[in-house]
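K.L.:
This structure is in structure tokens; I'll ask about it shortly.
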Amino acid sequence: MPAFRTLDDADLAGKRVLVRVDLNVPMEDGKVTDATRIERVLPTVREISEKGGKVVLLAHFGRPKGRDDKNSLRQVVPAFAHALGQPVIFVADCIGEDVAKAVAAAKNGEVLLLENTRFHAGDEKNDPDFVKALAANGDIYVNDAFSAAHRAHASTEGLAHVLPAYAGRTMQAELEALSAGLDSPARPVMAIVGGAKVSTKLELLGNLVKKVDVLVIGGGMANTFLAARGVNVGKSLCEHDLVGTAREIEAKAKTAGCEILLPVDALVAREFKANPGHRVVSIGEVADDEMILDAGPLSVAEVVLKLDKVKTVVWNGPFGAFELPPFDTATVTVAKAVAERARTSRLVAVAGGGDTVAAMNHAGVADELTYVSTAGGAFLEWMEGKALPGVEALRQG
């Protein structure tokens, strides 16, 4: 695999550095409610600033259809400046004369945030004229937004073809973690895949059975695989129309020498709510009016036992309805077991995807895994084995 150009390869002093970041942060009453994405880009911003570059930040926010105040990045400036510990100059557009003047007036080391790139249709269209207009304000391009790397947009991919292009520190860390997860992992490799539906993760499962040694399937999608094996899953979430597909995936796994682990017992209830009446049953003993809402203790023990035999774990999706106690038990128990082994360097553990990040935070282990990706769609597409345009554009050679 060709290497990626990083900030180690860039001469930053006195340069106008266009940095694509992900500032698509959650807001409530005009305030940022979760600054994780801001914090992730700070190392790159500080390094460029300290090395004497002008930091010119490019980002999108929301899904605007043209200029739209409620999707303005202006509202992110106070939280960003606070986290950075220095002023951030906001510019009310991302192309044009006002931007050129603001960048020219800025001193080396100063940080500017340009307005939402998606206020211009040319960003998502990767329009060459828009790319050129963005590039006019930079000498160097740095992409630090892995979460947007699966999109071939002007600000995420187009700029890499017209300016010297480098991976920022967060992008670099993500790419190194992903390479250690599936591209060139220490073996054996276990993948844990959960979530509600098989239908949303068909490509993912199809790719993983060819790449991993053990595939653990949890969440609602496990019910479809159980039904394919002839198990009665009661009123559980189950895509009965996909049992044939589940059988095909199992057959591919067998051919590839990939072991599939499904729950052998479960926590079941008649109501989908927190702390309802529930019981632990063996798979096959689910009553017609019961729902499987989490994997049971024997299933968890089997997964934990396997952890001692693998060197790499890649995780996407929870085991059960982890937002509702006690159906968080399997996810939390396995997450803590993975974290303990990652902390003591017994395995590499890479996790990602929206629900997965929330689940790792819920288990209190997000900081203990080798890497937790906040990139939803891009992380999933990487797990599916797809090339990501924003990443490919950064490769050397």
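K.L.:
Could you state the number of Å between the C-alpha centres of the stretch 250-299 and the stretch 24-76?
P.N.:
Going from one Cα centre to the other spans 42 Å.
K.L.:
Can you give me the relative contact order of the stretch 187-278 as a percent, contacts being Cα pairs under 8 Å and 6 or more apart?
P.N.:
Once normalised by length, the contact order is 29 percent.
K.L.:
Within 10 Å, count the other beta carbons around each residue, average over each peptide in 188-197, 296-305, and list them highest first. Don't jump to the answer; show the numbers that get you there.
P.N.:
On the way: 188-197: 22.1, 296-305: 17.7.
The peptides rank, most packed first, as 188-197, 296-305.
K.L.:
Suppose all protein chains stay in the model; what accessible area per residue would a 1.4 Å probe give for the chain, in Å²?
P.N.:
With the other protein chains kept in place, the chain gives 41 Å² per residue.
K.L.:
So which lysines can residue 107 reach, going by Cα to Cα under 22 Å and dropping same-chain residues fewer than 8 places off?
P.N.:
Residue 107 reaches 15, 51, 54.
K.L.:
A further question on this structure: Could you give the distance between the Cα centres of the stretch 213-232 and the stretch 350-393, to the whole Å?
P.N.:
For the stretch 213-232 versus the stretch 350-393, the Cα centre distance is 22 Å.
K.L.:
Would you mind calculating the relative contact order of the stretch 155-220 from Cα pairs under 8 angstrom and at least 6 residues apart, reporting the percent as a whole number?
P.N.:
In percent, rounded to a whole number, it is 33.
K.L.:
Volume per residue, Å³, of the convex hull around the alpha-carbon atoms of the stretch 314-376?
P.N.:
63 Å³
K.L.:
Sticking with this one: Can you give the alpha-carbon Rg of the stretch 219-281 over 2.2 N^0.38 Å, where N counts its residues?
P.N.:
My calculation over the Cα atoms of the stretch 219-281 gives 1.26.
K.L.:
Further question on the same structure: On the protein heavy atoms, probe 1.4 angstrom, tell me the percent of accessible surface of the chain carried by carbon and sulfur.
P.N.:
51 percent
K.L.:
Further, regarding this structure: Can you find, among 130, 91, 7, the residue farthest towards the positive end of the dipole of the chain? Put +1 on the C-beta of Lys and Arg, -1 on that of Asp and Glu.
P.N.:
7
K.L.:
Pull out the extension gain between residue 301 and residue 92, defined as 0.36 nm times the separation in residues minus the alpha carbon to alpha carbon distance; nm, one decimal.
P.N.:
Separation in residues times 0.36 nm, less the Cα-Cα distance, equals 69.7 nm.
K.L.:
Mind putting a number on the dipole of the stretch 175-331 about its Cα centre? Charges go on the C-beta only, +1 for Lys and Arg and -1 for Asp and Glu, and I need it in Debye to the nearest 20.
P.N.:
400 debye
K.L.:
On to the next question. Would you give the gap between the C-alpha center of the stretch 194-208 and the C-alpha center of the stretch 140-180, rounded to a whole Å?
P.N.:
Between the Cα centres of the stretch 194-208 and the stretch 140-180 lies a distance of 26 Å.
K.L.:
When the gyration tensor of the stretch 174-284 is built from Cα positions, what are the square roots of 5 times its three eigenvalues, in whole Å, from largest to smallest?
P.N.:
Value: 27, 16, 12 Å, ordered largest first.
K.L.:
Write down the Å³ per residue value for the convex hull defined by the alpha carbon atoms of the stretch 79-135.
P.N.:
91 Å³
K.L.:
Compute the length gained on full extension between residue 77 and residue 129: take 0.36 nm times their separation in residues and subtract their Cα-Cα distance, giving the result in nm to one decimal.
P.N.:
Value of the extension gain: 15.9 nm.
K.L.:
May I ask you to derive the relative contact order of the chain, considering only C-alpha pairs under 8 Å and at least 6 residues apart, and to give it as an integer percent?
P.N.:
In percent, rounded to a whole number, it is 16.
K.L.:
Hey, another quick one. Which three lengths, in whole Å and largest first, does the stretch 3-153 cover when its Cα atoms are put on their principal axes?
P.N.:
38, 35, 35
K.L.:
A further question on this structure: Out of 376, 218, 364, any idea which swings most in a Gaussian network model of the chain, alpha carbons joined below 10 Å?
P.N.:
Looking only at 376, 218, 364, the largest GNM fluctuation is found for 364.
K.L.:
Now for a separate question. Relative to the longest principal axis of the chain, what angle (0 to 90°, nearest 10) does the C-alpha long axis of helix 219-228 take?
P.N.:
Helix 219-228 and the main axis of the chain meet at about 50 degrees.
K.L.:
Residues in the stretch 130-155 near a label at residue 3, defined as backbone nitrogen under 20 Å from the 7 Å Cα→Cβ point?
P.N.:
The answer is 141-144, whose backbone nitrogens lie closer than 20 Å to the label point.
K.L.:
Taking semi-axes √(5λ) of the Cα gyration tensor in Å as the quantity of interest, determine which of (i) 35, 29, 18; (ii) 43, 21, 19; (iii) 37, 25, 19 was computed from the displayed structure.
P.N.:
Correct label, based on the coordinates given: (ii).
K.L.:
Can you check how the C-alpha radius of gyration of the stretch 104-147 compares to 2.2 N^0.38 Å, as a plain ratio?
P.N.:
Working: Rg = 12.0 Å, N = 44, 2.2 N^0.38 = 9.3 Å.
Against the compact-globule rule of thumb, the ratio is 1.30.
K.L.:
Just check the stretch 132-191 against the gyration tensor rule for me: Cα atoms, a ≥ b ≥ c as the square roots of the eigenvalues, rounded for a/c under 1.5, and otherwise prolate or oblate depending on whether a/b exceeds b/c.
P.N.:
Prolate.
K.L.:
Work out the charge dipole of the chain with +1 on the Cβ of Lys and Arg and -1 on the Cβ of Asp and Glu about the Cα centre, then indicate which of 81, 258, 120 is farthest towards its positive end.
P.N.:
Ranked along the dipole, the leading option is 258.
K.L.:
What is the projected area of the convex hull of the Cα atoms of the stretch 345-397, averaged over all directions, in nm²?
P.N.:
Its Cα hull, projected and averaged over all orientations, spans 4.9 nm².
K.L.:
Quote the charge dipole size of the chain about the Cα centre in Debye, to the nearest 20; the model charges only the Cβ of Lys and Arg (+1) and of Asp and Glu (-1).
P.N.:
The dipole magnitude comes to about 540 debye.
K.L.:
In addition: Give the Rg/Rh ratio for the stretch 1-68, taking Rg as the radius of gyration of the Cα atoms and Rh as the Kirkwood radius, to two decimals.
P.N.:
Reported Rg/Rh, Kirkwood definition of Rh: 1.06.
K.L.:
Rank 236, 184 by accessible area, highest first, at a 1.4 Å probe radius? Write out the running numbers ahead of the final one.
P.N.:
Working: 236 10, 184 80 Å².
Greatest to least solvent exposure: 184, 236.
K.L.:
In Å, the Kirkwood hydrodynamic radius of the stretch 270-328 over pairs of distinct alpha carbons?
P.N.:
Radius from the Kirkwood sum: 13.1 Å.
The values are calculated or read from the model by the stated rules, or taken from the named source; none is laboratory data. Note that the structure is predicted; figures quoted are calculated from it, not measured. All Cβ positions, glycine included, derive from the backbone under ideal geometry; neighbour counts span all protein chains shown. When the accessible area is computed, the model is the full protein with side chains, heavy atoms only, and any ligands, DNA or RNA have been set aside. Shrake-Rupley method; radii C 1.70, N 1.55, O 1.52, S 1.80 Å.
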